[in-house]
Structure formats: structure tokens, C-alpha cells
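Have a look at the structure below, then the notes.
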Amino acid sequence: MTMKYVNWSEGASILGVGRSTFFHLVRSGKISVEPGRGSRDGRYSLEDIQRVVEERATGRQRKASHKRVRPAPVFIDWLSPDDIPAILRLDKIVYDEMFLAEMERYRQWSIKNGQLAIAAFDAKSNRQTMLAYVACLPLDESVILQIMRGEREEISITQDEIQSYERPGPYTLLANSAVAHPDHPYLLRRVLQGMIDAWVERFPEQYVTKVYAQSVSERGDMLISNFFMQPRYDLADNAYMLDLARPGRAKMIRRFQEALKAKDPSKYKELYRKGGQ
């Protein structure tokens with residue numbers, strides 16, 4: 001029997017996961033690489049990918065039999081390294097995986113910048129139960145483009161490459177995670193609003209110019225479409241960018257831009273009229 005292999009983006013699309021999740025499955029041995037292929041031109045076992053799909057479907061069926069719980073009161077806060085166990089528990093619920101390697105890398109990043117990710121916690125759990133989180137990494141645009149082109153993996157980003165929010169001026173962001181408990185998908189917007197509010201507070205000393213993201217799942221496509229992000233087919237067929245120097249079409253983005261303009265009209269015009277540069 002001839003083994004069939006596919007590239008990483010097709011495999012990730014079949015699974016409905018992102019790049020980092022897909023390569024975690026490769027590193028953990030659940031998905032094998034075609035013999036003789038290198039890390040850059042790798043192709044991956046379709047049989048292994050389909051086996052993982054079946055395992056995840058079985059897990060979702062078990063969870064679907066549980067009764068839905070009523071929404072719990074939540075509070076929104078920035079994540080710290082101490083919250084990693086709560087992140088892992090939520091990832092286990094959503095993906096049936098605990099991404100230990102990714103969390104160790106996040107721990108290193110968050111030492112450099114304590115406002116990389118923001119989450120909604122169950123208010124009764126003392127931060128033990130996380131219901132949604134969003135992570136956006138401030139990086140030099142050249143690093144983001146390498147990630148988007150597939151020249152390197154997100155997990156390869158070093159602590160030194162993560163930018164802190166100490167210097168004044170523009171920032172480019174890589175939106176690398178947006179996760180919500182299946183019973184509480186609406187919380188993603190509340191978490192995103194918390195991150196947006198922080199950027200309004202930083203303005204005009206610090207301001208975000210562009211947000212990049214990639215999607216290989218229907219859920220990710222829906223979130224990206226909600227913000228009318230521009231396709232960047234020059235980078236990858238699943239690459240998108242939000243240019244905040246352009247008028248926002250999404251209501252949340254328009255309100256963000258209006259808040260910046262109201263806070264300092266002259267600075268807003270100065271900083272954003274030429275693409276934020």
C-alpha cells in the first residue's frame with residue numbers, strides 16, 4: 001500500500017488547527033514526516049492526520065454529551081507565567097492536547113513582556129479556570145513575515161525578539177492565539193476588547209500599526225472575517241493583515257480608531273495618515 005503525504009497547510013486544514021498545533025503533533029510523534037524530506041520541505045502522513053481527526057472527533061462526542069453550564073461571572077486580566085496551568089487546562093478542553101513546549105516558550109516570552117496575552121477567568125475560581133484568551137506578540141515586522149511565509153515556526157521566536165512595551169513608537173503584532181471554551185465562545189470579544197482598551201490607554205506614546213494573523217480552520221476564518229482583515233497571498237494562502245492606518249470596517253475596529261482620535265486628534269492624524277510610519 002502506497003503511503004500518501006500532504007504539506008503542513010493541507011494537513012492543518014484537515015485537522016482544523018493552526019501551524020503551532022500542527023507542528024506540536026508532529027514533534028510529539030502523532031504525525032510522521034515523509035522519509036527523506038527536510039524540515040522546510042516536509043510532507044506529512046495523511047493516514048496519521050486522519051487518525052488524529054478520528055481521535056479528536058471521539059473526544060468531542062464525549063464532551064457533547066455533557067450538559068451546558070450557565071455562564072459564570074468572569075473577570076478579564078493579563079496572563080502571567082503562574083496562569084500557565086489554567087491555559088493548559090483550557091487547551092486540553094478545546095484541542096484535546098496540552099502544549100507543554102509552547103507554554104514553556106510563552107513563559108520565557110512573558111518574562112520579557114507581561115502583556116502579551118489577556119484572558120477571561122471564572123470569577124469564582126481564583127484564576128484556576130480560564131474560559132478564553134487572546135495572545136498578540138509585539139515583534140519586528142521582519143520576524144512576523146518570516147513566520148507568515150513558513151520560514152520558521154512560532155515556537156522558534158526567542159525572548160530577545162519579543163518587544164517590551166517600554167519604548168515609545170509604533171508596534172506590529174502577530175495575533176498567534178485566540179481560544180475560547182466551547183460553552184463560552186462569546187467571551188472572545190470581551191477579551192479582545194480588553195486588549196484594545198489597553199492600546200487606547202498607551203496612545204499616543206505607543207501605538208499599533210499592523211496586526212498579522214494566519215488561519216487554517218473555519219473558526220479562525222470566521223474570526224478574521226469579522227475584522228475584515230486583508231488577505232496577504234504574497235506571504236501565504238492563509239495569511240491576513242489588519243492595517244490600522246486604514247478606516248476600519250468592523251465595528252470594534254472603528255470604535256478603537258475613534259477612541260484614539262478622540263484622545264489626541266492631532267497625534268492620531270500625524271501617526272496614522274502615512275500608514276503609521
- Does any residue of region 96-118 turn out to be without any contact (Cβ under 8 Å) to a residue 12 or more places away in the chain, more than 17 Å from Y240 (Cα to Cα) and touching a Leu at 6+ places or on another chain (Cβ under 6 Å)? yes
- Give region 121-148 a look and list any residue that's at negative phi and of a type in the set (D, E, K, R), or say none. D122, K124, D140, E141
- If you check A175, A198, which single one turns out to be in contact with a Cys (Cβ under 8 Å, 6 or more places away or on another chain) and touching a residue at least 40 places away in the same chain (Cβ under 8 Å)? A175
- Single match in D77, D41 (criterion: outside any helix (DSSP H, G or I) and modelled with pLDDT under 85): D41
- Item | Matching entry among R273, R255 (being at pLDDT 90 or above and of a type in the set (D, E, K, R)) | R255
- Restricted to region 153-212 and to residues being acidic (D, E) and modelled with pLDDT under 90, the residue nearest to S110 (Cα to Cα) is E154
- Note on the structure: Screening L192, L145, L187 for residues that are over 24 Å from L90 (Cβ atoms) and touching a residue at least 60 places away in the same chain (Cβ under 8 Å) leaves only L145
- Task: State whether one or more residues within region 55-71 are surrounded by 13 or more Cβ atoms within 10 Å (Cβ to Cβ), in contact with a helix residue (DSSP H, G or I) (Cβ under 9 Å, 6 or more places away or on another chain) and modelled with pLDDT of 85 or more.
- Result: no
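The values are calculated or read from the model by the stated rules, or taken from the named source; none is laboratory data. All values derive from a computational prediction rather than experimental measurement. No Cβ is skipped: glycine too gets one built from the backbone with ideal geometry, and neighbour counts run over all protein chains shown.
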